[in-house]
Amino acid sequence: MTTQHPETLALHAGWRADPATGSVAVPIYQTTAYQFDSPEHAADLFGLRALGNIYTRIMNPTTDVLEKRVAALEGGVAALAVASGQAASAYALQNIARAGDNVVSSTDLYGGTWNLFANTLKDQGIEVRFVDPADPEAFARATDDKTRAYYAETLPNPKLRVFPIAEVAAIGRRFGIPLIMDNTAAPLLVRPFDHGAAVVVYSGTKFLSGHGTSIGGIVVDSGTFDWEANPARHPLLNQPDPSYHGAVWTQAVKPLGPIAYILKMRVTLLRDLGAAISPFNAFQIIQGIETVALRIRAHSENASAVARHLSGHAAVTKVIHPSTATGRDADLVAKYLPKGQGGLLGIELAGGVEAGRKFISALKLFYHVANIGDARSLAIHPATTTHSQLTEAEQIASGVTPGYVRLSIGIEHIDDILADLDQALAASQA
Ligand code: PLP
């Protein structure tokens, strides 16, 4: 098949039909283990002399389809699906950074990722240095010889200021440092690999899945980052790994293609830390991906319509959506998100926190939940929920002001969305 368009890949990549039954839908292989052909076959699988199924903590045929599908959509060579977006972010870094190393990250992050970086990774001895992406060269200034990765979100939740992917990826490649992009909020709108990113992570829980049923995460390897070029920069991939008979990951898997990064993550981190996705959740995310092209378009159109409607509304002091960006931020939107700006939108209400509380209480169609990317419209007040574990200064740095309300605009009819917002805004000022 020669067709490579994302709408087609979303339905076809990685699967045709079940060889045993002809099943067109991807079967849920709800099994823990897999019968080996012989003792030699078992030994070859464990010794990485052959690739195949061993145990569902580290691979599964249903999950394999999800991995192939997302890798194809992103233009990557391999992917690893895990139990959540959080596990994906953690593994993406732990795979190449250990105690004593550091990572340079954008300040514009989802609150859970901020917590992971500022606390849990710090406790593990990995320092995350936060820089403002408004100045891409800040990444270079924060870099030293222990820097193992740069990290950012394409369309950061909740700041929604588009990240300068190509600019920072180019700085990283100068130093031999991979840029890892969390593309959770912008699937199919932008492919970070087209702009030089080395690795993409997703919370598959959100737009990819789309139905608010299943938690999952995915790490995708572009295959274009040369981990060998600067062995001192990436010791975990270039020095013998005592946990795997002294394997040197960049050498051990060469015949299989440029998949050292993902293979190491699968057979060491997933083996040892075990954040495996269940085959059922992998199946659910595959179902979601089949329609993601249609949904992300509808999310984007509806959110842009909401942004237009709320700009100038008496109860709203600020609308935060890429379509309302100005100056350099608008240039970044034009460069990276010409196909649509996604479903996330922030508003600041006249009347601050109290108005926000009244607004959320008055919503009837929108659900009040800690989630984004559901087909239904959702709302939350980040300062008292998703970002409440951050200090006030950290909240401000990641874009959360006291009166900020985050909306994830769904794919309902636009008139119904606007009617619910209008009545809740009126209630917020009462
Ligand atoms: N990345 C982003 C941008 C998110 O919004 C989230 C969750 O809200 C995550 C990562 C974490 O994903 P999960 O909830 O699947 O662990």
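The values are calculated or read from the model by the stated rules, or taken from the named source; none is laboratory data. A quick note: this is a predicted structure, and the numbers were derived from the prediction, not measured. Cβ atoms come from the backbone with ideal geometry, glycine included; neighbour counts cover every protein chain shown.
Numbers for the structure displayed
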{"read-out": "Residues of segment 107-119 classified as within 13 Å of the ligand (Cβ to nearest atom), of a type in the set (S, T, N, Q) and over 14 Å from the mean Cα position of the chain (by Cα), total", "value": "1"}
{"read-out": "Leading residue by the ranking (nearest to Y151 (Cα to Cα)) among those in segment 170-216 that are more than 14 Å from the ligand (Cβ to nearest atom) and either among the basic types (K, R) or assigned by TED's automatic domain parsing to the domain that holds L344 (or both)", "value": "R173"}
{"read-out": "Any hit, segment 43-55, residues being within 16 Å of the ligand (Cβ to nearest atom), under 27 Å from the mean Cα position of the chain (by Cα) and of a type in the set (S, T, Y)", "value": "no"}
{"read-out": "Of all residues in segment 375-389 being in a helix (DSSP H, G or I) and in contact with a Phe, Trp or Tyr (Cβ under 7 Å, 6 or more places away or on another chain), the one that is nearest to the ligand (Cβ to nearest atom)", "value": "P382"}
{"read-out": "Residue list for segment 151-167, filter: in contact with a Ser or Thr (Cβ under 8 Å, 6 or more places away or on another chain) and more than 16 Å from the ligand (Cβ to nearest atom)", "value": "none"}
{"read-out": "Of the criteria (1) surrounded by fewer than 17 Cβ atoms within 10 Å (Cβ to Cβ); (2) within 16 Å of the ligand (Cβ to nearest atom); (3) farther than 28 Å from P158 by Cβ, which one H245 fails", "value": "(2)"}
{"read-out": "Yes/no for A282 being more than 28 Å from L80 (Cα to Cα), in a helix (DSSP H, G or I) and either assigned by TED's automatic domain parsing to the domain that holds V405 or not hydroxyl-bearing (S, T, Y) (or both)", "value": "no"}
{"read-out": "Tally, over segment 1-33, of residues that are assigned by TED's automatic domain parsing to the domain that holds D64 and in contact with a helix residue (DSSP H, G or I) (Cβ under 9 Å, 6 or more places away or on another chain)", "value": "7"}
{"read-out": "Filter result for L11 (assigned to a helix (DSSP H, G or I) and either among the polar types (S, T, N, Q) or in contact (Cβ under 8 Å) with a residue 24 or more places away in the chain (or both))", "value": "yes"}
{"read-out": "The listed residue being away from the ligand (no atom under 16 Å from the Cβ) and over 13 Å from the mean Cα position of the chain (by Cα), out of V77, V103", "value": "V77"}
{"read-out": "Residue list for segment 133-149, filter: more than 16 Å from the ligand (Cβ to nearest atom) and not aliphatic (A, V, I, L, M)", "value": "D135, P136, E137, F139, R141, T143, D144, D145, K146, T147, R148"}
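Quick grid of which residues meet (1) touching a residue at least 24 places away in the same chain (Cβ under 8 Å); (2) closer than 26 Å to L9 by Cα; (3) within 16 Å of the ligand (Cβ to nearest atom):
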site: T63; (1), (2), (3): yes, yes, yes
site: L66; (1), (2), (3): yes, yes, yes
site: A71; (1), (2), (3): yes, yes, no
site: A81; (1), (2), (3): yes, yes, yes
site: A97; (1), (2), (3): yes, no, no
site: E127; (1), (2), (3): yes, no, no
site: V131; (1), (2), (3): yes, no, no
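Each row is one residue, and each column tells you yes or no for (1) in contact (Cβ under 8 Å) with a residue 40 or more places away in the chain; (2) within 30 Å of A197 (Cβ to Cβ); (3) in a helix (DSSP H, G or I); (4) not polar (S, T, N, Q).
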position	(1), (2), (3), (4)
S323	no, yes, yes, no
A330	no, yes, yes, yes
G340	yes, yes, no, yes
G346	yes, yes, no, yes
E354	no, no, yes, yes
L365	yes, no, no, yes
G373	yes, yes, no, yes
